[in-house]
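Here the structure is laid out as structure tokens; the discussion comes afterwards.
The values are calculated or read from the model by the stated rules, or taken from the named source; none is laboratory data. Given the structure is predicted, the values throughout are model-derived calculations rather than measurements. Every residue, glycine as well, gets a Cβ built from its backbone with ideal geometry; the counts of neighbours run over all protein chains shown. Protein only, heavy atoms only, side chains kept; ligands, DNA and RNA dropped before computing areas. Shrake-Rupley method; radii C 1.70, N 1.55, O 1.52, S 1.80 Å.
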Amino acid sequence: MTDQENRTADRASALPAVADRATFQAELDKLRVREKAHTREGDAIAAARRRLPMVEVAADLELTGPDGPITLLEAFEGRGQLIAYYFMWHHGHPAAEQCEGCTWVTTQVEELSYLHSRDITYAVFCQGPYEASRRYRDFMGWDVPWYSAVPSQDVLLVGRHVGMMHLVCYLRDGDRIFETYWTTLRGVEAMDYSYALMDLTVYGRQELWEDSPSGWPRVQGTPADHVRLRSNGRPIPQWSRLEAGRSDNLTPRP
């Protein structure tokens, strides 16, 4: 049997209890109380986030863009705020071996007009050379602003694990720049909608770490992170790009 057939068979034997509509709604109403409390706590955390102090960052730190070196200030594109996603990069590795987690979240950031309407620029700061990483962006079909952070990443990510995924928020005051917030690991799920939707379903994310009833289907995960973001040796969304005939060659042309 294929993996899909196995998962279908597993789900056929892993079903919630059946109830009438009134019982179902009563249980859902009890859960809704907790959901609303969760929403209010999220609002309170966001309010506290807006009251954090900030730290100044040199505005002239260098990035590499499509036309060569640019400054951090220029990456704001004239807006007052900047959200930068620091993309992990495995230097010298082919597309199939690039970060599945960074591929996952970056794939889901597409429509930027809502951010722009709040005076926010979004950009990827890749922790790898511009040309090779740009070719990965093109293979994936992303059109978000893309820069290499390599010239300044040790300063931009001071005190943090350079090479790890990070989501960092900046504020501009004239020609001065301040860092106002950063997060990493599961914090970057702020960019995601697939997992958020999976969390609403009866089987959830189907990952090994989740608290689910006995017998609920699980996808196979690696011992290190217990997630499945790869399929047949590649980050999952790469397969549709290959089927569309796109080249995943990351080697710059001479």
Task: Length added when fully stretched, Asp173-Gln25, from 0.36 nm per residue minus Cα-Cα - done: 48.2 nm
Open item on the list: How large is log10 of I(q)/I(0) for the chain at q = 0.07, 0.08, 0.17, 0.18 Å⁻¹ when the intensity is taken from the Debye formula with one equal scatterer per alpha-carbon?
Closed with: -0.31, -0.41, -1.37, -1.46
Task: Cysteines without a disulfide-compatible partner [the chain; Cβ-Cβ under 4.7 Å] - done: Cys126, Cys169
- [ ] About the Cα centre of the chain, how large is the charge dipole given +1 on each Lys and Arg Cβ and -1 on each Asp and Glu Cβ? Please answer in debye to the nearest 20.
- [x] 420
TODO: Would you check the accessible area of Ile236, probe 1.4 Å, heavy atoms only, in square angstrom rounded to 10?
DONE: 80
Open item on the list: On a 1.4 Å probe surface of the protein chains, which of Val158, Val105 comes out largest in accessible area, and what is the full order?
Closed with: Val158, Val105
Open item on the list: I'd like to know which of Ser247, Pro66, Ala48 lies farthest towards the positive end of the charge dipole of the chain, counting +1 on Cβ of Lys and Arg and -1 on Cβ of Asp and Glu.
Closed with: Ala48
Open item on the list: Probe radius 1.4 Å, ligands and nucleic acids ignored: give me the carbon and sulfur share of the accessible area of the stretch 95-142 as a rounded percent.
Closed with: 48
Task: Per residue solvent-accessible surface (Å²) - the chain, probe of 1.4 Å - done: 59
TODO: For the chain, with a Gaussian network of springs between Cα atoms less than 10 Å apart, report the residue from Arg32, Arg51, Arg186 with the top mean-square fluctuation.
DONE: Arg32
